[in-house]
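Shown next, in structure tokens, is the structure this report addresses.
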């Protein structure tokens with residue numbers, strides 16, 4: 001069936017869970033390193049060549065870099081600790097939140113289309129991590145549900161397609 005492992009079909013009834021992969025933030029981490037190095041080199045240049053970088057300028061630079069990296073680590077830990085995806089026999093759940101957990105459910109029967117997105121950036125820097133866009137026909141809260149930070153996006157994409165087809169087959173057998 002299109003290169004999908006038969007064990008994938010048999011096991012799609014049991015719940016599968018995915019979490020946000022920290023690999024998805026490798027490119028952002030690389031960008032923050034470049035910014036940090038550029039700022040320090042600029043401050044060094046100003047101090048060495050122009051004699052204009054004072055101690056207060058270095059402290060301000062340090063504080064700005066500290067804020068930048070604190071933001072990065074807060075986002076990293078929030079995403080890796082709080083974003084979860086669960087695929088059951090009839091629905092796809094997105095669970096998110098630290099203080100308040102929010103679960104958004106999309107019925108597999110209502111999934112109209114799926115899109116797998118793995119950019120060049122994702123393939124080169126993020127270790128193949130990608131996102132899947134789930135288009136739902138009746139979901140009022142999220143007609144386009146975006147699953148971000150998926151470590152094996154092709155596996156989840158295939159599993160969603162198989163599970164969606166199985167639900168439609170069961171529905172056709174029951175109603176027909």
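Of the peptides 31-40, 161-170, the order by per-residue mean of other Cβ atoms within 10 Å, starting with the highest, comes out as 161-170, 31-40. Can you tell me the 0 to 90 degree angle between the C-alpha axis of helix 55-82 and the longest principal axis of the chain, rounded to 10? The answer is roughly 10 degrees.
With a cut-off of 8 Å between alpha carbons and a minimum separation of six or more residues, what is the relative contact order of the range 78-122 in percent?
Values: 47 pairs, mean separation 11.7, N = 45.
With pairs under 8 Å counted, the relative contact order is 26 percent.
Angle of helix 26-45 to the longest C-alpha principal axis of the chain, folded into 0 to 90 degrees and rounded to 10: 10°.
When the helix-only estimate is applied to the chain (DSSP H runs of n ≥ 4, each -39,500 (n - 2.57), divided by the residue count), what is the mean residue ellipticity at 222 nm, nearest 500 deg cm²/dmol? Mind showing how you got there, number by number?
On the way: 5 runs with 82 residues, N = 176.
My calculation for the chain gives -15500 deg cm²/dmol from helical runs alone.
Remark: relative contact order (the chain) = 25 percent; criterion is Cα-Cα distance under 8 angstrom and separation of 6 or more residues.
Taking Cα atoms only, the orientation of helix 153-175 departs from the longest principal axis of the chain by about 30 degrees.
For the range 111-176, the relative contact order comes to 28 percent (Cα pairs under 8 Å, sequence separation of at least 6).
Within the listed set 58, 18, 81, the residue fluctuating most in the Gaussian network model of the chain (springs between alpha-carbon atoms under 10 angstrom) is 58. Projecting label points 7 angstrom from Cα along Cα→Cβ for residue 103 and residue 161 puts them 2.9 nm apart.
All of the numbers you see were taken from the coordinates with simple rules; none came from a lab. All of these numbers come straight from a predicted model, not from anything done at the bench. Glycine gets a Cβ as well: all are built from the backbone with ideal geometry, and neighbour counts include every protein chain shown.
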